[in-house]
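Scroll down for the structure; my scribbles are underneath it.
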Amino acid sequence: MTEQQFINEALGLDRDGARRRSKYRPSQGIIYLILTCWGLTTLYPFFWVIINSFREKGLIRSDSFSIPWPGRAGFTLDNYLLAFERADFKNAYANSIFISAAVTLAVILLAGLAAYGMVRYRFRGRRILHMLILASMMFPVFSTIIPVFRLQVGWGLASTGNRLLSLISVILPQIAGNISFAIIVLMGFIRSVPLDLEESAFIDGANIFQIFGKIILPVARPSFATVAIFTFLWSYNDLFTQTFFLRYPKEKTITLLLNEISSQAGVNYGLMASSVVLVVVPVLLVYIVLQKNIIRGMTVGAVKG
């Protein structure tokens, strides 16, 4: 079998390079049916929250499954108006985006340089360092939160009442919590980048940072995009760390705000549903827009070679 025939066979093409018509198999129908049912059970709870966020709070317990169409009885926007009235979502969004963006940028830069050094350089203690990076992913965040909190209090970052310092006190632990995963993912992709590209740039007079910025970053863009997306979402959704370090109203993030509303709303399910939608929808939109980068970044390093 020639190389071209092998490629056509792997891609499901005929000898002329045209796409073959796939034969329907009953097993494929069963698989699609199972995946469809699983997808519906996953999406329906969030759909239920959305429709009840537009329903009058007195009707949610008696009629929570019908769709409240605009112009009909039961439809209202009061839940969202009440959410914005009782909570400072604008300030909370600003704090969450600032923390998540700072953590994402720092993790991409530090993890990218660390992964590049681990892959391309041989130095004493490299294997031990690699094992320590893997081992650091096994420790849950709550096992180290007390010494981290006391350390940052000693530095004058935590519990100071200064908004910027308090946000920094959250950013530092989140960087430490995400950087190990980022290094492992980026190492797998950088290892597949041809060394000839870097050698050619080095011969042309490029230094290490120029090689990293002009060759590694563009070529490994899908992998960096995957790391950035996961880091941003994990930082945005973090509640445990923020509960320890953010204690004043001006420092509240969107997850802390949702937790506060949930504890105070009681049986006001309309307010709770609208608050959940306001918190989750931005994250959902980010994932929908960038889902191709997530899938590509997680798989491209395994097929390059």
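Every condition in (1) in a helix (DSSP H, G or I); (2) at pLDDT below 90; (3) out of contact with any His (no Cβ under 9 Å at 6 or more places or on another chain) holds for M187 except the one numbered (3).
Output the number of residues of the range 193-213 satisfying the condition of being surrounded by 12 or more Cβ atoms within 10 Å (Cβ to Cβ) and more than 21 Å from V107 (Cα to Cα).
Within the range 193-213, residues that are surrounded by 12 or more Cβ atoms within 10 Å (Cβ to Cβ) and more than 21 Å from V107 (Cα to Cα) number 7.
Matching residues to (1) closer than 30 Å to P218 by Cα; (2) among the β-branched types (V, I, T):
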| position | (1), (2) |
| --- | --- |
| D88 | no, no |
| Y121 | yes, no |
| M138 | no, no |
| F149 | no, no |
| G156 | no, no |
| L186 | yes, no |
| I190 | yes, yes |
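When residues in the range 112-144 are screened for being surrounded by fewer than 16 Cβ atoms within 10 Å (Cβ to Cβ) and either outside any helix (DSSP H, G or I) or in contact (Cβ under 8 Å) with a residue 12 or more places away in the chain (or both), 15 of them pass. Which one is nearest to V277 (Cα to Cα) among residues in the range 61-91 that are touching a residue at least 24 places away in the same chain (Cβ under 8 Å) and among the basic types (K, R)? Among those that are touching a residue at least 24 places away in the same chain (Cβ under 8 Å) and among the basic types (K, R), it is R86. Only residues that are under 19 Å from L134 (Cβ atoms) and β-branched (V, I, T): list them for the range 91-122, please. Residues satisfying the conditions are V107, V119. Among helices (runs of 4 or more DSSP H) entirely within the range 207-305, having at least 2 residues that are at pLDDT below 85 and assigned by TED's automatic domain parsing to the domain that holds S159 singles out 208-211, 221-237, 254-265, 269-303. In the condition set (1) surrounded by 16 or more Cβ atoms within 10 Å (Cβ to Cβ); (2) in contact (Cβ under 8 Å) with a residue 24 or more places away in the chain; (3) farther than 29 Å from M131 by Cβ, F189 is compliant with all but (3). Here is a check on your reading of the model: is A111 over 25 Å from L246 (Cα atoms), in the same structural domain as I229 (by TED's automatic domain parsing) and at pLDDT 90 or above? Taking the combined requirement at face value, the residue satisfies it.
Counting the residues of the range 245-264 that are in contact (Cβ under 8 Å) with a residue 24 or more places away in the chain and either buried (at least 19 other Cβ atoms within 10 Å of the Cβ) or β-branched (V, I, T) (or both) gives 10.
One residue stands out among those in the range 42-60 that are in a helix (DSSP H, G or I), more than 10 Å from Y269 (Cβ to Cβ) and touching a residue at least 24 places away in the same chain (Cβ under 8 Å): the one that is nearest to the chain's Cα centre (by Cα), which is F46.
Which residues, taken from the range 145-161, are without any contact (Cβ under 8 Å) to a residue 60 or more places away in the chain, loosely packed, with under 15 Cβ neighbours inside 10 Å and not aliphatic (A, V, I, L, M)? Across the range 145-161, the qualifying residues are P147, R150, G154, W155, G156.
The values are calculated or read from the model by the stated rules, or taken from the named source; none is laboratory data. This one's a predicted model, so the numbers in the text were calculated from it and none came from an experiment. So basically every Cβ, Gly included, is an ideal-geometry build from the backbone, and we count neighbours across all protein chains shown.
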